[in-house]
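For reference, the structure is listed below as structure tokens.
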Amino acid sequence: MVEGPTAKAYAVRIENRLKGEVIRRLYAKSRRLHVSPSLAIGKMVTGAESLGKNIVVRLEELAIRLHLMMYGSIHLYELGEPLLKPEAMVRLILEGEGSKLVAYNAPIVELDLYERLMTRLKAGLGPDPLRPDWDFEKALRRLRGFKGKVGVALLDQQVIAGLGNILRNEILFRAEVHPERQVRSLSLDEVCRLIEEAKRLSEEFLARKLRGERIAPLLKVYNRQRQPCPRCGYPIKLYFQEPIKRKTFVCERCQR
């Protein structure tokens with residue numbers, strides 16, 4: 001699953017490559033075309049941004065939203081350059097004057113008016129730690145108001161947008177909080193630590209992705225089952241947390 005830092009890195013690369021280009025062709029295989037694709041022809045790419053795990057490419061007053069879910073990907077090509085993957089996998093082609101964006105296997109491709117699309121997205125998402133409008137206090141209210149386990153809360157996109165399973169596990173470890181704790185049992189200090197780590201680690205993931213580096217050196221517990229905890233040496237445990245059934249890595253000694 002694409003997490004917030006990956007979506008943001010895609011948006012940065014798209015903006016760097018396509019901003020200022022005028023759209024010559026738009027192909028979209030989608031049922032979420034709320035305006036005619038023909039309206040995009042002749043529009044200029046004015047920017048790209050991410051909101052949670054969503055990538056939004058702005059074409060003046062229009063916008064394209066992409067959500068890559070588990071298996072989607074985006075490639076940027078020069079015009080005339082052959083595609084790297086089969087055409088059957090193509091869900092979007094956005095062709096400018098010198099470059100083109102191709103999205104493969106993207107489950108969500110949406111075309112709409114920019115303001116309408118962003119209003120709809122923001123209504124269903126919590127604050128995003130990688131956006132300029134990040135709101136710590138709102139994240140604090142959303143997390144403290146969640147009814148259930150903290151390990152479940154961190155995957156709820158209405159609490160903090162953009163967190164996926166890798167970030168969830170690493171945030172909990174760094175904050176020394178056990179994923180099975182009920183949110184109502186957390187102290188204010190513990191909740192603040194979780195939110196601070198969510199922002200810090202999201203930024204660290206993003207920085208590595210923008211430099212073309214792997215995030216593996218940042219991982220303390222993810223996919224490290226049975227290996228010693230880097231903090232205390234106790235073996236890392238792997239289990240699937242209910243009810244979300246997601247891989248969960250925990251140090252039973254450090255995380256309380």
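Rule-based calculations on the coordinates, nothing more; no lab input. As the structure is a computational prediction, the values presented were derived from the model and not from experiment. Positions of Cβ are backbone-derived with ideal geometry, glycine not excepted, and every protein chain shown enters the neighbour counts.
Table for the structure above
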| quantity | calculated |
| --- | --- |
| Zone residues, the range 105-149, relative to Glu180, backbone N less than 14 Å from point 7 Å out along Cα-to-Cβ | 149 |
| With Cα atoms, 0 to 90° folded angle of helix 4-18 axis to the chain main axis | 20 |
| DSSP-loop trypsin sites (Lys or Arg not before Pro) across the range 121-167, with at most 12 other Cβ within 10 angstrom | Lys147 |
| Helix 114-123 axis, angle to the chain major axis (alpha carbon atoms, nearest 10°) | 20 |
| Overall form of the range 42-114 per C-alpha gyration tensor (a/c, 1.5; a/b vs b/c) | oblate |
| All aspartates and glutamates inside 18 Å of Lys237 as judged from Cα atoms, apart from same-chain residues fewer than 8 positions distant | Glu170, Glu176, Glu180, Glu252 |
| Distance between modelled label sites at Asn16 and Lys147, nm, 7 Å Cα→Cβ extension | 4.6 |
| Where labels lie 7 Å past Cα in the beta-carbon direction, separation of Glu252 and Tyr71 in nm | 3.6 |
| Angle between the chain longest axis and helix 188-210 axis [Cα atoms, degrees, rounded to 10] | 40 |
| Shape category assigned to the range 136-250 from the gyration tensor of Cα positions, a/c cut at 1.5 | oblate |
| Relative contact order of the chain, pairs being alpha-carbon contacts under 8 Å that are 6 or more residues apart, as % | 17 |
| Eligible aspartates and glutamates near Lys122 by straight Cα distance, threshold 20 Å, same-chain separation 8 or greater | Glu3, Glu49, Glu60, Glu61, Glu110, Asp112, Asp133, Asp135, Glu137, Asp156 |
| Relative contact order computed over the range 113-249 (Cα-Cα under 8 Å; 6+ residues apart), in percent | 20 |
